[in-house]
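The values are calculated or read from the model by the stated rules, or taken from the named source; none is laboratory data. Being a predicted model, the structure only gives us computed values, none of them experimental. In this analysis, Cβ positions are derived from the backbone assuming ideal geometry, glycine residues included, and neighbour counts consider all displayed protein chains. When the accessible area is computed, the model is the full protein with side chains, heavy atoms only, and any ligands, DNA or RNA have been set aside. Shrake-Rupley method; radii C 1.70, N 1.55, O 1.52, S 1.80 Å.
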Amino acid sequence: VRLVMKGFTQKPGIHFEATFAPVARLASFRALLAIAAQNDLKLTQLDFTCAYLHSTLKEDIWAKPPPGIKVPPGYAWKLNKACYGLKQSGREWYRTLDAALRSLNMKRCHADPCLY
């Protein structure tokens, strides 16, 4: 079962400050592939399962439990981790990944913030 939040109900300045999360440029990806091909290097890709669920939220986000979950009247869930559907989930995942890569002494490229 996957919970998806109703992020369309979130209001800027109240529920989140920013939503921008960088994405790797196509030119960077092509250059990486060209360098790997020229030098006969092996490339490996990663896929993070449930990636958003690994990032911590900066803001306090409260959510109504889904139908069928019984909670006392007036109670709600306080989210500790990002969930699919929240506007800031992508940005928070990028921050989590960036911190992990930097802890491995990787440096972010100035031309493309998704290239380390």
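Values for this structure:
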quantity: Test for K11: is it within 30 Å of A111 (Cβ to Cβ) and basic (K, R); calculated: no
quantity: Out of K107, K70, K78, K87, sole residue that is touching a residue at least 40 places away in the same chain (Cβ under 8 Å) and either in a helix (DSSP H, G or I) or open to solvent by 80 Å² or more (accessible area, probe 1.4 Å) (or both); calculated: K87
quantity: Filter result (at pLDDT below 80, in contact with a helix residue (DSSP H, G or I) (Cβ under 8 Å, 6 or more places away or on another chain) and exposed (fewer than 10 other Cβ atoms within 10 Å of the Cβ)) within region 8-54; calculated: F20
quantity: Filtered residue count, region 55-67, keeping only those that are under 28 Å from E17 (Cβ atoms) and either open to solvent by 60 Å² or more (accessible area, probe 1.4 Å) or not in a loop (DSSP other than H, G, I, E, B) (or both); calculated: 9
